[in-house]
Ligand code: NAD
């Protein structure tokens, strides 16, 4: 969430009592968890993983739901609903982001938590998968309210999180500042002698509060490494190419800035407030600064307003979805006129959208690999916290580049060996590692 959160509280602040009329009345619910399950089933078939392993991994270990009251600036009390889904800790502590968004719900957290299990396993990290969040719109509360909501939420989670048990991080609607409040809340709950051991309870912290250099751009950076790997294999020079970016928060803006340094120009961009087109290419550094100050791209002077439909039809080379799940359905996939879809967001392509992209021969760099740079650098942060070290940016960057290239190679090899697409290959590599752990350690008791 790259916007200042201060400002007057809105009377339409979301909470449990959000009127249904604010939602699209006829939109059927997208079964995100079901979609991820089907990828898992497909990958299990190609990698011949025993059925009982996929049965175990088909549901999260723990589903935690908390309700907690928060005093708003106007003196009213409001009840919030928070989630923490812990999918698997067979390889290590649960790990995954906390999302603040009006659409956060149990099934979506389950989908995102399970994706974290596949991501951590694929990247050979010593973590399992978790995800959570609060169902409210963080743009509609003041900075002070956001701090109280965060502190009360993390207090409510109590010992359900911990530096060797479950380690949250930022996701949509949360950022380094939110992690700093979360850390401070947790630290103050564990007792004075354990305070310093608590530093690794969250990652994505501000650097001065125990964060790592390179975390803020890490997801975008990892995405760019994957795009470069793909381009090299196509013998495609990225210099002079054009991109479309949907979502200009942490992932989208950092990816755009890093790609612009490689000569890729961003000719259209969109976020929750609308879409802009600039055939000459945006100055993405300036646009990023603008979004950090104003909370969205709305009102940015350089660029022409376009509709969402027009955005998807613009001819370019690379499309980076970096907003939310289920953004590329069949209509968007038919409209896209690009050579590559690089998934910065989790689950941006629906299966129907993906089928259209496949038919049209447009390759996808799948989320589980393409946006794994974030959790990889979160791991580096956690290691630094445990060792009381501070690595240089060069060290972090070098390790991340190696990790992304290595994962890309392993996925490619798996796909070739098992004759499956890149997404199923990601799940296959991840699942094979988990299956091996289960077969070696066996299932308790
Ligand atoms: P963010 O809150 O920083 O940015 C989200 C962006 O999406 C904003 O620009 C917002 O305006 C835009 N957006 C929201 N709703 C939209 C809509 N309906 N249409 C178009 N745009 C919309 O979040 P982020 O951290 O950049 O996360 C973006 C995606 O990347 C999510 O799917 C998240 O799970 C995934 N992801 C994030 C990280 C990370 O390190 N932050 C790591 C891996 C994956």
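The values are calculated or read from the model by the stated rules, or taken from the named source; none is laboratory data. A quick note: this is a predicted structure, and the numbers were derived from the prediction, not measured. Don't worry about glycine lacking a Cβ; one is built from the backbone with ideal geometry, like all the others, and counts go over all protein chains shown.
For this structure, a couple of remarks:
- Scan of the stretch 390-405 for residues that are touching a residue at least 40 places away in the same chain (Cβ under 8 Å) and under 22 Å from the mean Cα position of the chain (by Cα), ordered by number: 393, 396, 397, 400, 401, 403, 404, 405
- Residue under evaluation residue 425, criteria (1) free of Cβ contacts under 8 Å to residues at least 12 places away in the same chain; (2) part of a helix (DSSP H, G or I), criterion not met: (1)
- Selection count, the stretch 258-276, where residues are touching a residue at least 40 places away in the same chain (Cβ under 8 Å) and either farther than 14 Å from residue 321 by Cα or more than 14 Å from the ligand (Cβ to nearest atom) (or both): 4
- Any helices (runs of 4 or more DSSP H) falling wholly within the stretch 233-330 and containing at least 3 residues that are farther than 28 Å from residue 29 by Cβ: 250-260, 284-294
- The selection criterion, being touching a helix residue (DSSP H, G or I) at 6+ places or on another chain (Cβ under 6 Å) and assigned to a helix (DSSP H, G or I), does not hold for residue 117.
- Only a single item in (1) in contact (Cβ under 8 Å) with a residue 60 or more places away in the chain; (2) surrounded by 15 or more Cβ atoms within 10 Å (Cβ to Cβ); (3) over 19 Å from residue 40 (Cα atoms); (4) away from the ligand (no atom under 16 Å from the Cβ) is not met by residue 356, and it is number (1).
- Which numbered condition residue 299 fails, given (1) more than 25 Å from residue 313 (Cα to Cα); (2) more than 18 Å from the chain's Cα centre (by Cα); (3) within 15 Å of the ligand (Cβ to nearest atom): (1)
- Looking only at the stretch 164-184, and only at residues there that are more than 16 Å from the ligand (Cβ to nearest atom) and under 15 Å from residue 98 (Cα atoms), the one that is surrounded by the fewest Cβ atoms within 10 Å (Cβ to Cβ): 181
- Meets criteria (touching a helix residue (DSSP H, G or I) at 6+ places or on another chain (Cβ under 7 Å), farther than 22 Å from residue 250 by Cα and in a loop (DSSP other than H, G, I, E, B)) for residue 91: yes
- Of all the criteria given as (1) out of contact with any helix residue (DSSP H, G or I) (no Cβ under 6 Å at 6 or more places or on another chain); (2) within 15 Å of the ligand (Cβ to nearest atom); (3) under 26 Å from residue 331 (Cα atoms), the one not satisfied by residue 369 is (1).
- Near pairs, Cβ below 6 angstrom, 6+ apart or cross-chain, from the stretch 369-389 (farther than 14 Å from residue 124 by Cβ and assigned to a helix (DSSP H, G or I)) to any residue that is within 13 Å of the ligand (Cβ to nearest atom) and at pLDDT below 95: none
Listed here are the residues, each with its yes/no results for (1) at pLDDT below 95; (2) assigned to a helix (DSSP H, G or I).
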{"position": "139", "(1), (2)": "no, yes"}
{"position": "164", "(1), (2)": "no, no"}
{"position": "178", "(1), (2)": "no, yes"}
{"position": "197", "(1), (2)": "yes, yes"}
{"position": "205", "(1), (2)": "no, no"}
{"position": "213", "(1), (2)": "no, no"}
{"position": "216", "(1), (2)": "no, no"}
